[in-house]
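Colleague: A single structure is presented below for examination.
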């Protein structure tokens, strides 16, 4: 075998190895992103219409959130927010519209206290999706109902559903298993009357 043939064979092997390594890297990246983002991964693919664009978007989200310095709540802040949430849930019985408005406000305050920037809703959702992919759909659904509420087109059942969605996000953001459930809050409220 002459030297030129050997060089060509080595080049083919190197290119082939690079292609295989690239394929394996892409596959591993896809698996990692799918695992981290769950339903949000599939939603982004559908929204972008392209796997590569969706994965690039999700990877960019990860990088952005990594620079935000998201932190857990201090114990006193968590207790203050949990107490505020209990008050909101109690208020829902007499003022569902006001409770939903307050729930949106408190969720925003928790996000801000954790280090998430507040502002553009779509950016908030993108940021939340990195660390809270299981509840980001709840945030979207709750906000949509809150917008219907602002236009006067949300029923009491819609508002109740918004509260359920906000509660799921709130609990995940609070990172506190000791937040009382609705049934506990309802029992406490009923016991006072």
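Colleague: Kindly list, by first and then second residue, each pair from a residue in segment 90-116 that is free of Cβ contacts under 8 Å to residues at least 24 places away in the same chain to a residue that is in a helix (DSSP H, G or I) and crowded, with 18+ Cβ neighbours inside 10 Å, limited to pairs with Cβ atoms under 6 Å and residues at least 6 apart or on different chains.
Modeller: As it stands, the answer is 91/99; 102/88, since those pairs meet every condition given.
Colleague: Evaluate the following for residue 116: is it assigned to a helix (DSSP H, G or I) and buried (at least 17 other Cβ atoms within 10 Å of the Cβ)? If you could, list the steps in order and put the result at the bottom.
Modeller: Details: assigned to a helix (DSSP H, G or I): no; buried (at least 17 other Cβ atoms within 10 Å of the Cβ): yes.
No: the conditions fail for residue 116.
Colleague: For segment 95-113, which positions are farther than 20 Å from residue 73 by Cβ and assigned to a helix (DSSP H, G or I)? Steps first, please.
Modeller: Here is the first cut: in segment 95-113, the residues farther than 20 Å from residue 73 by Cβ are 95-101.
Result: 96, 97, 98, 99, 100, 101.
Colleague: Looking for whichever is part of a loop (DSSP other than H, G, I, E, B) and more than 22 Å from residue 128 (Cβ to Cβ) here; the options are 1, 6. Which one fits?
Modeller: 1
Colleague: Just checking, does segment 63-70 include any residue being closer than 23 Å to residue 122 by Cα and in contact with a helix residue (DSSP H, G or I) (Cβ under 6 Å, 6 or more places away or on another chain)? Don't jump to the end; show me each part of the working.
Modeller: If we filter segment 63-70 for residues that are closer than 23 Å to residue 122 by Cα, which is where we start, we get 63-70.
The next check asks that each one be in contact with a helix residue (DSSP H, G or I) (Cβ under 6 Å, 6 or more places away or on another chain); those that pass are 65, 70.
Checked against the condition, which is being closer than 23 Å to residue 122 by Cα and in contact with a helix residue (DSSP H, G or I) (Cβ under 6 Å, 6 or more places away or on another chain), segment 63-70 yields at least one hit.
Colleague: Another question, if that's okay. With the requirement that a residue be outside any helix (DSSP H, G or I) and surrounded by 14 or more Cβ atoms within 10 Å (Cβ to Cβ), what does segment 9-66 give you?
Modeller: We begin by selecting, within segment 9-66, every residue outside any helix (DSSP H, G or I); these are 38, 49-50.
Matches in segment 9-66: 38 only.
Every number in this text was worked out from the coordinates using simple rules, so none of it is lab data. None of these values were measured; they are calculated from a predicted model. Reconstructed Cβ throughout: ideal geometry from the backbone, glycine too, with neighbour counts over all protein chains shown.
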